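The values are calculated or read from the model by the stated rules, or taken from the named source; none is laboratory data. Not measured: the values here are computed from a predicted model. No Cβ is skipped: glycine too gets one built from the backbone with ideal geometry, and neighbour counts run over all protein chains shown.
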Amino acid sequence: MSLFRTIPTTGDFSSLFRLLDDYDTHRQSRSQVPSMRAFAPRFDVRETEDAYHFDGELPGIAQKDIDIEFSDPQTLVIKGRSAREYHTPEASETEEAQGEETDVVKAEKKARFWVSERSVGEFHRSFTFPSRVDQDNVKASLKNGILSVAVPKATAQGTKKITIE
């Protein structure tokens with residue numbers, strides 16, 4: 001949503017307004033503490049005859065950092081946390097033996113980010129079902145950064161006749 005209304009004129013100011021919007025978004029993201037950021041992973045949700053299927057992108061997130069639960073009989077909640085990890089190439093054994101810091105280690109201590117695009121922080125997604133589901137037979141798996149959840153639909157309850165004794 002743009003903060004500025006587009007005013008019809010002879011010149012085109014749309015690029016200027018877009019630039020101002022981008023700057024405002026950038027300032028808001030810099031004021032947040034990185035560990036407190038929230039993001040919403042993307043999910044594909046599809047319905048088959050007997051179940052609802054969710055496939056979500058959670059690259060680099062460990063299984064232990066993901067929670068899947070029902071907040072009520074019709075609402076599935078998927079939440080978790082992602083943290084940044086950096087892996088620096090190992091120093092050669094001779095330099096380690098001499099106790100010298102490598103150029104890579106020195107540079108890492110003084111690192112400044114040029115770009116920071118990875119999603120980090122906490123995420124929370126809720127999905128409400130249009131019909132009853134079978135909470136006891138939900139299956140979930142995490143493979144290659146894709147979380148797959150299958151939620152079976154509940155079987156229709158038929159009428160049950162009660163006999164009088």
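Go through the range 74-117 and give me each residue that's assigned to a loop (DSSP other than H, G, I, E, B), of a type in the set (Ser, Thr, Tyr) and at pLDDT 60 or above. Talk me through it step by step, then tell me what you get.
So the first thing to find is which residues in the range 74-117 are assigned to a loop (DSSP other than H, G, I, E, B), and the list is 74, 83-92, 99-102, 110-117.
Remaining after also requiring of a type in the set (Ser, Thr, Tyr): 86, 88, 92, 102, 116.
Result: Tyr86, Thr88, Ser116.
Can you give me the number of residues within the range 46-91 that are under 19 Å from Lys153 (Cβ atoms) and surrounded by 12 or more Cβ atoms within 10 Å (Cβ to Cβ)?
Result for the range 46-91: 13.
Within the range 114-165, which residues are surrounded by 13 or more Cβ atoms within 10 Å (Cβ to Cβ) and of a type in the set (Phe, Trp, Tyr)?
Result: Phe123, Phe127, Phe129.
Let me spell it out: the conditions are (1) within 13 Å of Phe127 (Cα to Cα); (2) aliphatic (A, V, I, L, M); (3) modelled with pLDDT of 95 or more, and Ala51 meets all of them except one. Which number is the exception?
Exception for Ala51: condition (1).
Pro41 - would you say it is at pLDDT 70 or above, in a loop (DSSP other than H, G, I, E, B) and touching an Asp or Glu at 6+ places or on another chain (Cβ under 6 Å)?
Spelling it out, Pro41 is indeed at pLDDT 70 or above, in a loop (DSSP other than H, G, I, E, B) and touching an Asp or Glu at 6+ places or on another chain (Cβ under 6 Å).
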